[in-house]
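Novice: What follows is a single structure, and I will ask about it in a moment.
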Amino acid sequence: MDRNSAGRLVPAAPVVIVLAVLACVALALAGCGNDGSTGKNSRPETPAASAPAGETPGSAPSTAPEAPPVEAVPEAPFVQQQFRDNRTIHFASSDPPNNALLSAPPERVTVSFSSDLGSGSFISVKVDGREVTTGGMILPVDNRSVSVAVNPYAGTGNYAVSYAAYWSDGSYCEGSFGFSVKVP
């Protein structure tokens, strides 16, 4: 290192030259964005379209035979899922029951309990992660069940039901079950 007229340290000339040469070599080896064949930044040329035999370029193309129709890909066969029945305390029943196989979506899904429910209780029904309930939840006068309407067009699939039962003392329990629908 040398000192300049202001007294600051500056690299010696040979160090600067060596660094510049190393930088040039690194850029050359990296290609600097060139395609490597011409040394220029160019796009590969697309081959000129050749005309079919008996035709000249620029003339109207002849009618080619039609490709055979594409066959529809068959749908994957429906597989009924086996759901775990996670019951809450005071669970009495569910309609439809756990792991039922139905031929159409039910009008409603209902979970009944042996004890009065408090406010905050809810029920959710999903097929492949999307909610398929319509309208609000119904909590009957007896406060012993929660019910929700299901979209009648939800179709074939495995329906996952989750619910929370809130009790009058403020405690709650969460539960889940499921059923399947295979529309003919």
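Computed from the coordinates by the stated procedures, all read-outs in this text should not be read as laboratory data. Please read these numbers as outputs of a predicted model, since none were measured by experiment. For neighbour counting, all protein chains shown are included, and Cβ atoms are generated from backbone atoms with ideal geometry for every residue, glycine included.
Novice: When the label point is put 7 Å from the Cα of ASN86 along its Cα-to-beta-carbon vector, which residues of the range 105-123 have a backbone N closer than 13 Å?
Specialist: From the range 105-123, the list is empty.
Novice: For the residue pair TYR153 and ASP169, what label-to-label distance in nm results when each label sits 7 Å from Cα along the Cα-to-beta-carbon direction?
Specialist: The modelled label-to-label distance comes out at 4.7 nm.
Novice: Do any chymotrypsin sites (Phe, Trp or Tyr not before Pro) in the range 125-184 lie in a loop, going by DSSP, with at most 16 other beta-carbon atoms within 10 Å of their beta carbon, and if so which?
Specialist: Numbers: sites: TYR153, TYR159, TYR163, TYR166, TRP167, TYR172, PHE177, PHE179; in loops: TYR153.
Those that pass, being in a loop and sparsely packed, are TYR153.
Novice: Starting from the range 67-136, pick out the trypsin sites (Lys or Arg not before Pro) whose DSSP state is loop and whose Cβ has at most 13 other Cβ atoms within 10 Å.
Specialist: Numbers: sites: ARG84, ARG87, ARG108, LYS126, ARG130; in loops: ARG84, ARG87.
Filter output for the range 67-136: ARG84.
Novice: Here is a further query. Between ALA76 and SER124, what is the FRET efficiency for a Förster distance of 22 Å, r being their Cβ-Cβ separation, to the nearest 0.05?
Specialist: Values: r = 26 Å, r/R0 = 1.17.
The value I calculate is 0.30.
Novice: Distance between the C-alpha centers of the range 149-184 and the range 69-126? Whole Å please.
Specialist: Each part's Cα centre sits 5 Å from the other's.
Novice: Among SER112, VAL150, VAL183, which residue has its Cα furthest toward the positive end of the charge dipole of the range 83-184, with +1 on Lys/Arg Cβ and -1 on Asp/Glu Cβ?
Specialist: Checked the options; the winner is VAL183.
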